[in-house]
Amino acid sequence: MTVVTTERLILRDWTDDPADLARIYDIYSRPDITRWLAVSPGLPMTDPAQAAERLQIWRDRHAADDGRYGTWAIEVRETGQVAGTVLLKPLPGIDEAVLTEHIETGWHLHPDSWGHGYATEAASALLAREFAAGGPEVYALVSPGNEASMAVCRRLGMAHVGQRTDWYGGELLETFVLRAPDA
């Protein structure tokens, strides 16, 4: 299912199609990507079968969200290639068992898709969608040292509010926030 389209991108559900599963594995088996993902058990992947397991985790996580929140594929319209993942979801609290009222956006792109502005374009579309649905603010949490993701946050107009430990088991993360235009 297509969630959002932009000039260059289609944000859609990940599927269990072999090409999607292969791309999930290709992205999440790379230490150069997974080293930046806060509290991510099972990463980096070491077996292609883990892609189907990860897809099921995402489906289960968002089953009750009625499509408002999710973990979606970023497909490049011109080529049909999946550049990576973009997400919008409630943040888990410090205990990780209970979700908070805070909403997070994030992105994980394959290295062959870095430097094209896809993360900014995809996240911008999701931010606009969330604000149109009445969301008051959206956070982005970035591992310290991940300058590329912090640059995306800045391009999105997000304000850096320092390092915080409010989510993901208390992990120290660079925290950015963008408030709805009318908030």
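The values are calculated or read from the model by the stated rules, or taken from the named source; none is laboratory data. These numbers were taken from a predicted model, which means no experiment stands behind them. When we count neighbours, we look across all protein chains shown, and the Cβ atoms used for this are built from the backbone with ideal geometry, even at glycine. Remember, those area values only see protein heavy atoms, side chains included, never the ligands or the DNA or RNA. Shrake-Rupley method; radii C 1.70, N 1.55, O 1.52, S 1.80 Å.
For segment 92-108, the set of residues classified as open to solvent by 20 Å² or more (accessible area, probe 1.4 Å) and either on the phi > 0 side of the Ramachandran plot or among the aliphatic types (A, V, I, L, M) (or both) consists of Ile94, Glu96, Ala97, Val98, Leu99, listed by residue number. For segment 1-26: of the residues being acidic (Asp, Glu) and part of a helix (DSSP H, G or I), which is least open to solvent (accessible area, probe 1.4 Å)? Only one residue tops the list, namely Asp20. Selection of segment 27-68 for residues being part of a loop (DSSP other than H, G, I, E, B), open to solvent by 60 Å² or more (accessible area, probe 1.4 Å) and either of a type in the set (D, E, K, R) or closer than 21 Å to Pro111 by Cβ (or both) yields Arg30, Arg35, Trp36, Thr46, Asp47, Pro48, Asp66, Arg68.
Matching residues to (1) in contact with a strand residue (DSSP E or B) (Cβ under 7 Å, 6 or more places away or on another chain); (2) outside any loop (DSSP other than H, G, I, E, B); (3) at pLDDT 95 or above; (4) open to solvent by less than 10 Å² (accessible area, probe 1.4 Å):
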{"residue": "Thr85", "(1), (2), (3), (4)": "yes, yes, yes, yes"}
{"residue": "Pro90", "(1), (2), (3), (4)": "yes, yes, yes, no"}
{"residue": "His116", "(1), (2), (3), (4)": "no, no, yes, no"}
{"residue": "Gly145", "(1), (2), (3), (4)": "no, no, yes, no"}
{"residue": "Ala148", "(1), (2), (3), (4)": "no, yes, yes, no"}
{"residue": "Thr175", "(1), (2), (3), (4)": "yes, yes, yes, yes"}
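Taking the criterion of being in a loop (DSSP other than H, G, I, E, B), at negative phi and out of contact with any Leu (no Cβ under 8 Å at 6 or more places or on another chain), the residues of segment 69-83 that qualify are Glu78, Thr79, Gln81. Of all residues assigned to segment 120-135, none qualifies as being in contact with a helix residue (DSSP H, G or I) (Cβ under 6 Å, 6 or more places away or on another chain), modelled with pLDDT under 95 and either open to solvent by less than 10 Å² (accessible area, probe 1.4 Å) or closer than 21 Å to Val161 by Cα (or both). Note on segment 153-167: residues that are touching a Gly at 6+ places or on another chain (Cβ under 9 Å) and either open to solvent by less than 70 Å² (accessible area, probe 1.4 Å) or not charged (D, E, K, R) (or both) amount to 2.
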